[in-house]
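Everything below concerns the one structure shown next.
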Amino acid sequence: MRHSQLFQLISAHFKDIIRHPAVIFWGIVFPILMSLGLGVAFTRKPDIVRQVAVTGLAHSGSPVSPASAGSSIEDTRIILDFLKNHAKKMESGSSGKPVYSITLKDEKLGDTTFVFRETTWKQAMILLKRGNLSVVMSGNSGRIEYHFDPLNPDAQFTYFKLAGIFKGQAAVPAIDDVRPLTVSGTRYIDFLVPGLMAMDIMMSCMWGMSYGMIDKRSKKLLRRMVATPMKKSYFLLALMTVRIVMNAIEASLLFLFTWFVFHITIQGSFPGLAAIFLSGNIAFGGIAIFVSSRTDNTEIGNGLVNAVVMPMMVLSGIFFSYHNFPEWSIPVIRKLPLTLLADGLRGVFIEGAGLGGVLSAAGILLAIGVAFFTAGLKIFKWH
């Protein structure tokens with residue numbers, strides 16, 4: 001009998017959602033249009049700071065990349081020696097290796113600062129996929145090579161400026177110094193799509209569940225529901241279940257569209273993707289229930305929902321890497337639920353992460369969801 005009650009509630013909530021045409025547009029059509037527009041015509045943001053990786057041999061002794069099998073530590077020293085003599089030394093990075101910076105002054109276009117970090121090839125590829133940098137430099141047989149996606153205008157711009165610095169002139173360098181990257185997952189659209197999925201989960205839960213429940217309470221609809229023999233927990237679980245199903249449908253359609261148009265792929269494991277996706281839905285579902293558990297004022301509800309979604313939408317690296325923010329803020333940003341979800345989805349989509357790679361983030365998101373759901377259930381009122 002109880003299971004039948006839960007099933008009927010899920011069915012009722014699902015029918016209530018799909019009968020509104022706006023749900024189809026904002027949940028399915030709008031994210032697809034956004035991915036299409038930004039994927040085709042993404043404009044480069046103004047020059048401020050450009051991160052550059054300088055690669056040598058990995059600790060295992062394997063070459064820096066397949067394209068530079070002859071690269072050695074001595075070749076990479078060409079770059080590092082130049083930086084020691086011409087660049088400003090900064091504090092050491094997390095790896096303990098020195099970090100250098102060079103600033104190009106330009107009164108018309110603005111100053112451009114290049115930050116150089118010595119990494120292995122594997123680390124450089126991870127940073128590239130995360131949007132932390134766009135160009136990788138290495139030495140090979142006495143020459144400096146530049147590795148980047150030739151279809152990325154930001155990388156091209158960075159390459160031309162770097163080549164001018166290291167050649168001591170502004171002329172365009174020889175084309176054979178370029179090593180186009182063919183590594184899957186380094187395009188902006190690869191970075192964008194998992195972020196859009198994470199944002200869609202947050203917005204769907206916060207506006208679909210939270211604001212929708214506040215609106216029903218303001219119209220006295222929840223007052224009618226309390227008269228029925230219905231458990232409060234079943235009502236809230238049904239809301240969350242329907243939202244998870246809807247979000248799965250929307251994310252699947254977005255992936256299918258971008259796979260067909262932009263050839264997006266999932267490099268990691270499907271169990272890992274399922275774990276981070278489900279835990280993200282539970283986290284934001286729990287937050288949505290907590291936010292909407294008491295108020296019946298839609299103006300207050302609008303403010304509460306915006307107070308949750310707006311900071312994370314700006315800070316959590318949906319459209320650009322959050323590493324553009326000051327260093328002191330990065331540890332805080334990484335702990336935000338939307339950041340955990342977006343980073344986890346990107347880990348599976350473009351970094352090849354498996355279940356183990358996202359288990360920590362999924363566990364934190366699940367704990368957030370359970371904690372907020374429990375608190376929301378305790379203070380929830382029907383009217």
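Per-structure values
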quantity	calculated
Sole exception among (1) at pLDDT 85 or above; (2) over 24 Å from L256 (Cα atoms) for I300, by number	(1)
Qualifying positions in the stretch 129-138 - of a type outside the set (D, E, K, R), crowded, with 20+ Cβ neighbours inside 10 Å and either modelled with pLDDT under 80 or not in a strand (DSSP E or B) (or both)	G131, L133, S134
Elements of type helices (runs of 4 or more DSSP H) contained in the stretch 201-278, each with 2 or more residues being among the hydrophobic types (A, V, I, L, M, F, W, C) and touching an Asp or Glu at 6+ places or on another chain (Cβ under 8 Å)	232-262
First in the stretch 150-168 and β-branched (V, I, T), second anywhere and part of a helix (DSSP H, G or I), Cβ under 9 Å, 6 or more apart	I165/F82; I165/H86
Sole residue being closer than 22 Å to D154 by Cβ and touching a helix residue (DSSP H, G or I) at 6+ places or on another chain (Cβ under 7 Å), chosen from S316, S321, S293	S316
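The values are calculated or read from the model by the stated rules, or taken from the named source; none is laboratory data. If you're wondering where the values come from, they're calculated on a predicted model, not measured in any experiment. Glycine also receives a Cβ, built like all others from the backbone with ideal geometry; neighbour counts cover every protein chain displayed.
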